[in-house]
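A.B. asks: Attaching a single structure in C-alpha cells format; questions to follow.
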Amino acid sequence: MYLEKNLNALAKRYPEYVEPIRNARETGRYVISKTSANNYNVFDKKVGAYFYNNVDALMSVDKEIDALNIRLPQVCIFIGFGLGYHLIGAAAKFQTRSMAFVVFEADPEILKLAFTLGDYSNFIPQRSIAFCLCGMQPQAYYPLVYGAFTVNGRVVQFMKTINIITCATSYSSNRTYYSQCMDVLRQASSSAVLLYGNDPDDAILGIRNTFYNVEEIINNPGIKDVKDVFKNKVGVVVSSGPSLDKNIELLHTIQDRAVMIAPDASLRIMREHNLKPHMVTSLERVVITAQLFGELPDEAFEDIYFAACPVIQPAVYEAYHGKKVVVYRKFATFQWLGVDKGILEIGQSAGNMAFKILEYMGCNPIILIGQDLAYEGERTHAGGATFGEVEAGYKDSIMVEGNYVPQIRTSRVWNMFRQFYEKDVASFKGTVVNATEGGAKIHGTVVMTFQEAIDKYINKDKALNVQPVLEKRLKVPFPAQVKKDRASIAKKTKEALKYTDYLLETTSKGGDEAKAWIDKINGIKATNAENVEMAKSEILKLYDEVSANLSKIGRFLDEQQFYLIYMHYVQAYVIKMQNDINAILALAPSAEAVEMLVNAYGALYTNLHSLIVVMQKEFLQLDNRLNNV
C-alpha cells in the first residue's frame, strides 16, 4: 500500500536501504493480523510472540512509553522498528521537545512489512531522525548516529539522559546485533561531546594562540578564496603512516596531475623523496609542531602553501618560511573575529583537515595514502618522519577492523581520527578511495592499491597547473584592508571586555543565589533535626522554585554574544555541567534532587566565573597589543 512511497523517501536520503528492503524475501516468519481495535499486529514465528498487544497495538505501545517515565525526551533510541508504532507514539507524545531520534532495525523483511502497511515518508527526511536499517555492519551506522547527535548544538547537553525504547520482540531475536549497535551509540555520543572540546585549558591555549596570530590572520589570504577551484579534479591526502613507504614513489608519476595536500608531519618525508605537496595542513596547538619544519632550507617551502588553523603556536608560523593561507575551524572565536577567511568543519587531525580542504576545493575523487591510523608492528610513521618511525605517546591500544586484515591495533586517538573520517566520507558527495595499502578500515571508502587508483582516476597526460591557479586565487590582502580588519578586531575586543564585566557580575550573583539556597536547605534540616522525613518533605517543596530560579540566572548561556565571545573556551565545561544538571532533572523530584540541583548550579556559576576571569586577561592582552601595533 505504502511501500513505494516510503522507498521513494528512502531513496533521497538512504539509497543504500532501498534494494535490500524491496528485495527482502517473504519467508513466512511474520504473520500479519488485526487487533480488536482494528490496527495491525505481527506474530513472529521464530520468537513465538506477537510484537504488540492484540487488543489495541497502538494503545499498548503508548502505555509502554508512559511506563518508562521519560522526563527529558530530547534523545530517544529505538531498538527494533517493528511496525513503527514506538516511533509514532514517541513522536506524538513528545512532539517539539524531542531533538534526536535514532532507529535501529536489523531485519529487512519486517521493514518491508512495516513500509507496506504504514506511511513513514514524513519521518524519513527528518534530519533529527537517524534510520539505521537493514542489518548492516553496526560500525557503518556511526556517521548517521553522530550526525543525529550533532545536527542540533543542544543535543549534546542530553548525552546522560538518553532514553532507550525497545520493541521487545525485535530485540529478543537480535540481541547480539543490537548490543553492537549500542556500542556504536556510545562511541558516537562520546565523539559528539568531544566535538565541543574536552578541556578548557586546551581551548584557552588555542584562543591565546589565535589572539597572538591576529597579524597572520589579517595579513594572509583565506581558504574561502579557493572554493570549488578544482571541481571534479583528483585530490590526494598524503599522510605519514607507515604504509606510505609502500607507495610514496608513485607520487612522482602524478605530479601536477592531482591536487596533493599533506599534513604537517608528511612534509619532511616527502622532501626526502624529492616530492612537494601543494599545501601543508596544521592545527595542533602545541609548540613541538614547529620541529616538523626545523632545519629545513627555505627551498623546502617554495610553492607550498601553509594551510594552518590560527590556533597553532606563533612559533609554528615563524618556523614555516613560505606562503600561508588561513583556514578556520568551526569555532565561535573565528566567527567573533569577523574577519572572513572561510570556516570548515574539520576533525581533530591534520589529515582530517587535508580531506576537508580538498572537498572544499571541489576535488572528486579524493584518494588517501599513508592514512594507516593503526600500528604496523610497532611502527607509527613512515621512514623519514621527524620524530622517528616509532613515535612515543600513543597509548590505550584497541583493536579495529583493518583494510586487509580482520583486526588491527590502533590507539584511541587514531580511532577518533578514523571515526571523524567516516563522518566526513558519509557526507562527501563523491568517491573516497583508501589507497593506504594497510591500516584501519574507514567505512564508506573504496579500498584499492594506489597504483590501481592512479590507473582508474588520474589522467597522466593533463596537467592541472595547481600552483598557478592557487597563486591567482589566493591574494594577499591590501594594506587598507589589513588596517580595517585590525581596527574592527580592536573595537570588538573593547566590546568583549564590557560584556565580560556583565558576565562576571551575573555569575557572581548565580554563585551567591546557590549559596543562599544551601543555607535555606541547611536551615530546614536543622529545624527538623528530629524528623528527617519532615525535612525531606519541606525541601522537596522547593524543587520547582530552585529549578526555575537558578536556571533563569543562566539565560546568558543562550545569548548570541556569549556564544561568539566565550563559548569556544567554556563549552567543554558548560556541556559537562548541563549534562549533569539534565541528569538530575531526569530523576523523579526528591529532596536529594533539590540539593543536587543547587550544588550543580552553584558549581556551574562559580567555576564559570573563574574561567571568565582567565579569558578577561586574554582580552586585555589582545587589547594592549592591538593598541601598540
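A.B. asks: Determine the pairs where a residue that is closer than 12 Å to Leu144 by Cβ, located within the range 415-427, has a partner that is open to solvent by less than 10 Å² (accessible area, probe 1.4 Å) with Cβ atoms under 7 Å apart, the partner being 6 or more residues away or on another chain.
C.D. replies: Close Cβ pairs satisfying both conditions: Glu422/Tyr142; Glu422/Ile442; Lys423/Tyr146.
A.B. asks: Just to be sure, is Asp245 of a type outside the set (A, V, I, L, M, F, W, C), open to solvent by 10 Å² or more (accessible area, probe 1.4 Å), over 24 Å from the mean Cα position of the chain (by Cα) and modelled with pLDDT of 95 or more?
C.D. replies: yes
Let's see how each residue does on (1) open to solvent by 20 Å² or more (accessible area, probe 1.4 Å); (2) of a type in the set (Gly, Ala, Ser); (3) farther than 20 Å from His609 by Cβ:
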{"site": "Lys498", "(1), (2), (3)": "yes, no, no"}
{"site": "Tyr502", "(1), (2), (3)": "yes, no, no"}
{"site": "Lys509", "(1), (2), (3)": "yes, no, no"}
{"site": "Ile518", "(1), (2), (3)": "yes, no, no"}
{"site": "Gly523", "(1), (2), (3)": "yes, yes, yes"}
{"site": "Asn528", "(1), (2), (3)": "yes, no, yes"}
{"site": "Ile539", "(1), (2), (3)": "no, no, yes"}
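A.B. asks: Output the helices (runs of 4 or more DSSP H) that fall wholly within the range 308-360 and possess 2 or more residues being open to solvent by 30 Å² or more (accessible area, probe 1.4 Å) and either among the hydroxyl-bearing types (Ser, Thr, Tyr) or in contact (Cβ under 8 Å) with a residue 24 or more places away in the chain (or both), or say none.
C.D. replies: In the range 308-360, 314-319, 350-360 are the helices (runs of 4 or more DSSP H) which contain 2 or more residues that are open to solvent by 30 Å² or more (accessible area, probe 1.4 Å) and either among the hydroxyl-bearing types (Ser, Thr, Tyr) or in contact (Cβ under 8 Å) with a residue 24 or more places away in the chain (or both).
A.B. asks: Any residue in the range 615-629 that is in contact (Cβ under 8 Å) with a residue 60 or more places away in the chain and within 24 Å of Asp202 (Cβ to Cβ) sitting within a Cβ distance under 7 Å of a residue that is open to solvent by 10 Å² or more (accessible area, probe 1.4 Å) and basic (Lys, Arg)? List the pairs, counting only those 6 or more apart or interchain.
C.D. replies: Glu618/Arg208; Asp623/Lys494
A.B. asks: Which condition number does Ala92 fail, the rest of (1) in contact (Cβ under 8 Å) with a residue 24 or more places away in the chain; (2) assigned to a helix (DSSP H, G or I); (3) of a type in the set (A, V, I, L, M) being met?
C.D. replies: Against the list (1) in contact (Cβ under 8 Å) with a residue 24 or more places away in the chain; (2) assigned to a helix (DSSP H, G or I); (3) of a type in the set (A, V, I, L, M), Ala92 comes up short only on (1).
A.B. asks: Return yes when Glu471 is open to solvent by 70 Å² or more (accessible area, probe 1.4 Å), closer than 30 Å to Ala258 by Cβ and of a type in the set (Asp, Glu) and no when it is not.
C.D. replies: yes
A.B. asks: Additional query: Select from the range 95-120 the residues that are aliphatic (A, V, I, L, M), open to solvent by 10 Å² or more (accessible area, probe 1.4 Å) and not in a loop (DSSP other than H, G, I, E, B) and list them in ascending order.
C.D. replies: Leu113, Leu117
A.B. asks: Right, something else. Kindly indicate whether any position in the range 541-559 is within 12 Å of Gly510 (Cβ to Cβ), aliphatic (A, V, I, L, M) and open to solvent by less than 10 Å² (accessible area, probe 1.4 Å).
C.D. replies: Looking through the range 541-559, at least one residue is within 12 Å of Gly510 (Cβ to Cβ), aliphatic (A, V, I, L, M) and open to solvent by less than 10 Å² (accessible area, probe 1.4 Å).
A.B. asks: Moving on. Restricting attention to the range 121-146, report how many residues are outside any helix (DSSP H, G or I) and open to solvent by less than 10 Å² (accessible area, probe 1.4 Å).
C.D. replies: The number of residues fulfilling the criteria is 6.
A.B. asks: Inside the range 449-475, can you point out the residues that are aliphatic (A, V, I, L, M) and either in contact with a strand residue (DSSP E or B) (Cβ under 6 Å, 6 or more places away or on another chain) or assigned to a helix (DSSP H, G or I) (or both)?
C.D. replies: Ala453, Ile454, Val466, Val469, Leu470, Leu474
A.B. asks: Can you name every residue in the range 361-399 that is of a type in the set (D, E, K, R) and part of a loop (DSSP other than H, G, I, E, B)?
C.D. replies: The answer is Asp372, Glu378, Glu389, Glu391, Lys395, Asp396.
A.B. asks: Where in the range 1-81 are there strands (runs of 3 or more DSSP E), lying wholly inside it, with at least 1 residues that are over 30 Å from the mean Cα position of the chain (by Cα) and basic (Lys, Arg)?
C.D. replies: Of the strands (runs of 3 or more DSSP E) lying wholly inside the range 1-81, those with at least 1 residues that are over 30 Å from the mean Cα position of the chain (by Cα) and basic (Lys, Arg) span 30-34.
The values are calculated or read from the model by the stated rules, or taken from the named source; none is laboratory data. In this text the structure is predicted, and so the values were computed from the model without any measurement. Every residue, glycine among them, receives a Cβ derived from its backbone with ideal geometry; neighbour counts consider all protein chains shown. Ligands, DNA and RNA are excluded from the accessible area calculation, which covers all protein heavy atoms including side chains. Shrake-Rupley method; radii C 1.70, N 1.55, O 1.52, S 1.80 Å.
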